[in-house]
Amino acid sequence: MIPFAIIAIFACNDDANDDNPVFDTPIELKLSTTEMKLTGEGQIFGMEFFSAVTAEERDKENIVVSPLSLNMALAMVWNGANGETKQAIQKAMGMSAYSQEEVNAYFKKLKDILPKTDPTTKLSLANSVWTRQGFSVKESFYDINRKWYDAKVSELDFNSSTAKDVINQWCSDNTNGLIKEMITMIPRDVVMYLMNALYFKGEWSKNYGFPKSDTHEAGFLQENGETVKVKMMSQKSEHPYYSDEYLALTSLPYGNGAYKMVFILPNGSFDNMIKRLKQPEYLSNCLRGGSKQEVNLFVPKFKIEYEGKLNEPLTRMGMGIAFTDFADFSGISDVSLLISEVKQKTYIEVNEEGTEAAAVTSIGVDVTSVGPHQPVTFLANRPFLFLIQESSSGVILFMGKIGKPE
């Protein structure tokens, strides 16, 4: 058995780019009607993905995932799929109604424009393909990922003891040292690694940070009924606020406002809130339906790391065939291939200054065998959901459930 491995890396950078000028207003993503529809599909994909993961990981109190990481990784793999396998991956991505060129062009636009929307927030992307020396890969597969994802293509002697170090150095260089060792060893049957890196580092906008002097110890009620002590940050200012029978939400901007973190508390059960959020346009309507209100905002500091295998969630989402001997990845190679494993590792830290987050997605492939005039209180002292979004389009970079802040 010759496994073929694909790894996509998404991470956040700790460094601000001092050379970037500061703009008072964000640069909006100007998306076409089709691209806005794809963004809406991406929001639904994120909720479906998150729902499938939480259903699989009911014993996990904290879950953090990157829908954009997974969707971009799947898009690149999709470029090498054909027939029913291609349709299945497209279905899981929520993009069945769109052509390959439309999907690739959409992700290219995100890659080109997302880093430019806010010079005060650090965000950049990088892609690479590492191939075992001598393994035959169709040039068209390289070409399509070079064209749309600006992928760097390199051939390495995977039998060399230094090959993994070369790849790990690329990971470290493109994650500001956050991910130093993605590969501990290269199995002799692995023939390719495909990597994608996204970096995000954002500080809360001016006057929206949390004064450290206001951070205090408080109780946080877990789903099992137990209360744990957390470091609760607090601030009072005007925020967008929305509430209905399912949820209450508010948000905080980063930098010049191009990016924001959305905090969502369930009004009822967490599961019922997620079911509602999976409905088309519901999240967008909630975000648009809010009004500016003075909010007493309480959010715990947290630093969470998560790792999960995604085969079962993705099978639930419709791409089961890609994990079977009936998979068709003939766009990559004439050798019959199937996806053997999809994993994602994530990291996020939220504190008084801002947010740092990271996610790594890996895909391995084998050969077949309240009132508006009164302050409201948003007290996140029980399990809540969060999103990191690009503000003008609604593209979701990260999302997660915090059930036990640590």
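The values are calculated or read from the model by the stated rules, or taken from the named source; none is laboratory data. Treat the numbers as computed from the prediction; the structure is a model and nothing was measured. Using ideal geometry, Cβ is built from the backbone for each residue, glycine included, and neighbour counts are taken over all protein chains shown.
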A258 vs. criteria under 29 Å from I179 (Cα atoms) and in the same structural domain as E56 (by TED's automatic domain parsing): no
Residue among F263, F210, F200 that alone is aromatic (F, W, Y) and touching a Phe, Trp or Tyr at 6+ places or on another chain (Cβ under 6 Å): F263
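Please determine whether any residue of region 380-391 is more than 26 Å from A218 (Cβ to Cβ) and out of contact with any Pro (no Cβ under 8 Å at 6 or more places or on another chain).
Initial filter on region 380-391 (more than 26 Å from A218 (Cβ to Cβ)): 389-391.
Filter again for out of contact with any Pro (no Cβ under 8 Å at 6 or more places or on another chain), leaving 389-390.
Yes, there is a match, as at least one residue in region 380-391 is more than 26 Å from A218 (Cβ to Cβ) and out of contact with any Pro (no Cβ under 8 Å at 6 or more places or on another chain).
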Of the criteria (1) in the same structural domain as I179 (by TED's automatic domain parsing); (2) over 21 Å from the mean Cα position of the chain (by Cα), which one Q344 fails: (2)
Test: residue in region 218-238 that is touching an Asp or Glu at 6+ places or on another chain (Cβ under 9 Å), under 24 Å from E155 (Cα atoms) and surrounded by fewer than 18 Cβ atoms within 10 Å (Cβ to Cβ): no
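Given the criterion in contact with a Ser or Thr (Cβ under 9 Å, 6 or more places away or on another chain), closer than 18 Å to M232 by Cβ and not basic (K, R), identify the matching residue among I388, I402, I396, I348.
Details: I388 fails: closer than 18 Å to M232 by Cβ; I402 fails: in contact with a Ser or Thr (Cβ under 9 Å, 6 or more places away or on another chain); I396 fails: closer than 18 Å to M232 by Cβ.
None of the others qualify; the one that does is I348.
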Region 149-193, residues that are more than 22 Å from the chain's Cα centre (by Cα) and basic (K, R): K164, R188
Filtered residues of region 179-193 (kept if modelled with pLDDT of 75 or more and touching a strand residue (DSSP E or B) at 6+ places or on another chain (Cβ under 7 Å)): M182, V191, M192, Y193
Residue among N256, N267, N311, N224 that is of a type outside the set (G, A, S) and at pLDDT below 90: N224
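Mind listing whichever residues of region 292-308 are modelled with pLDDT under 90, out of contact with any Phe, Trp or Tyr (no Cβ under 6 Å at 6 or more places or on another chain) and not aromatic (F, W, Y)? Give the derivation first.
We begin by selecting, within region 292-308, every residue modelled with pLDDT under 90; these are 304-308.
Still in the list and also out of contact with any Phe, Trp or Tyr (no Cβ under 6 Å at 6 or more places or on another chain): 304, 306-308.
Scanning region 292-308 gives I304, E307, G308.
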